[in-house]
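Quick notes on the structure that follows.
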Amino acid sequence: MKSAERLQSIRSLLDIRGRVSVVELAEQYQVAQETIRRDLMKLEKNGVVRKIHGGAVSSQNKYEQSLAARFTQYIPQKHELAQIAVELIPAGSTLFIDFGTTTNVFAEHIKELSDLTVFTNSHLIAATLSGNSSCEVFVLGGRYDDQIKANLGPMVIDGIGQFFADFAVIGIGGVDPKFGFSDQNIDEATIAKAMIARSTESVILADPSKFNRHGIAHVADFSQVDYLVSSEVPDSSITAMLAERGVELKTPD
């Protein structure tokens, strides 16, 4: 791919996602990371992007807008599925909770439970749980991303590896009968994958908009998940795979 074509492709990705990372782009276009950094410098000079540590965001702040929009979408469904998920968590449990708008709603519902220990990379979730004096919260350290108010990167993965949890509670970008559970953000998917690997049971939270879609980054196969919690029953292609792989579906009665 020629440089001009790659620049246009990066612009298209930014229009869709609002945010890109150097590592991700280097892998996608099969070029050196330094080449991507030069591309981003050119785009920044043209006013297309604003460089951040490890990547760039759209100069139009579309990523921030999309994140704000995510916090206002499917609110009743997120509260409904969060109430169901809370019933899976006994007092005294240890949890990994990853960053996400759905997991943040879940945190609002578990803050009344007693004697919880929570490891999270999300500063928003930590703040949500701060009012519960019997809930011990550990924020996993790493590169702070101010766009999403969460820590990302290899230091978070290293931190996860120091602990074990009873449950990993994960928000997901897509649930697909062929590709399993995935996310659009590579950093977030890697963290979710690590949390699942260090937990006895994994709980996936997914509002109905996530069914039959997939992101670019794999999080888990169906066989690695214990519970899928949603406000609606997915279609037969997904429910068949859940039943085949032993995933318990939790929806409103």
### Task
Quick one: which residues, 5 or more positions from V118 or on another chain, have an amide H under 5 Å from its amide H? H modelled 1.01 Å from N in the peptide plane, none for Pro or chain starts.
L95, E136, V137, F138
### Query
What does the charge count near M41 come to, summing +1 for each Lys or Arg and -1 for each Asp or Glu among other residues with Cβ under 11 Å from its Cβ?
+2
## Note on the structure
Ranked from fewest to most other Cβ atoms within 10 Å of their own Cβ, I216, I160 fall in the order I216, I160
### Query
Net charge near L129, counting Lys/Arg +1 and Asp/Glu -1 over other residues with Cβ under 15 Å of its Cβ?
-3
### Task
Give the calculated FRET efficiency between L88 and D158 to the nearest 0.05, with a Förster radius of 41 Å applied to their Cβ-Cβ distance.
0.90
#### Entry: Modelled FRET efficiency - R0 51 Å, E248 with Q30, Cβ distances, 0.05 increments
0.80
## Note on the structure
Stretched fully, the stretch from H53 through R37 gains (0.36 nm per residue minus C-alpha distance, one decimal, in nm) 4.7 nm
### Query
Can you give the net charge of the other residues whose Cβ lies under 10 Å from the Cβ of G174, counting K and R as +1 and D and E as -1?
0
### Message
Just to be sure I understand: with springs between alpha-carbon atoms less than 10 Å apart, which residue in G141, G161, G173 has the highest mean-square fluctuation in the Gaussian network model of the chain?
### Response
G161
### Query
Sorted by average packing, counted as other Cβ atoms within 10 angstrom per residue and highest first, what order do 39-46, 146-153 take?
146-153, 39-46
### Task
Could you tell me which of the pairs K45/K178; K111/K149; K78/K178; K111/K178; K149/K250; K111/K210 are separated by over 31 angstrom between their Cα atoms in the structure shown?
K45/K178; K111/K178
### Query
Taking R0 as 35 Å, what's the FRET efficiency between S237 and K45 from their Cβ-Cβ distance, rounded to 0.05?
0.15
#### Entry: T117, T103, T200 arranged by Cβ crowding within 10 Å, fewest neighbours leading
T200, T117, T103
### Summary
Exposure proxy check on I97, I36, I238: fewest-to-most Cβ neighbours within 10 Å is I238, I36, I97
### Query
Among T239, T94, T72, which one moves the most in a GNM of the chain with springs linking Cα atoms closer than 10 Å?
T72
### Query
Residue by residue through the range 130-141, which ³J(HN,Hα) values in whole Hz follow from phi under the Karplus form 6.51 cos²θ - 1.76 cosθ + 1.60 (θ = phi - 60°), with glycine and proline marked x?
5, x, 9, 5, 8, 9, 8, 10, 10, 8, 5, x
### Query
Rounded to a whole number of µm²/s, how large is the Stokes-Einstein D of the range 153-253 at 37 °C and 0.692 mPa s, given Rh as the Kirkwood radius over C-alpha pairs?
243
### Query
Hey, rough spin-label estimate for S3 and A127, points 7 angstrom out along Cα→Cβ, what's it come to in nanometres?
4.2
### Query
Of the residues I186, I75, I196, which exhibits the maximal mean-square fluctuation in a Gaussian network model of the chain defined by a 10 Å Cα contact cut-off?
I75
### Query
Of all DSSP beta bridges in the chain, what percent run antiparallel (nearest 5)?
40
### Task
Specify whether the C-alpha gyration tensor of the chain places it in the rounded, prolate or oblate class, a ≥ b ≥ c being the square roots of the eigenvalues: rounded for a/c under 1.5, otherwise prolate if a/b is larger than b/c and oblate if not.
prolate
#### Entry: For the chain, calculated [θ]222 nm from helices alone, where every DSSP H run of n ≥ 4 adds -39500 (n - 2.57)
-12000 deg cm²/dmol
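Every number here is computed from the coordinates shown, using simple stated rules; none is lab data. Since the model is a prediction, treat every value here as computed from it, not as a measurement. Positions of Cβ are generated from backbone atoms using ideal geometry, with glycine treated the same way; all protein chains shown enter the neighbour counts.
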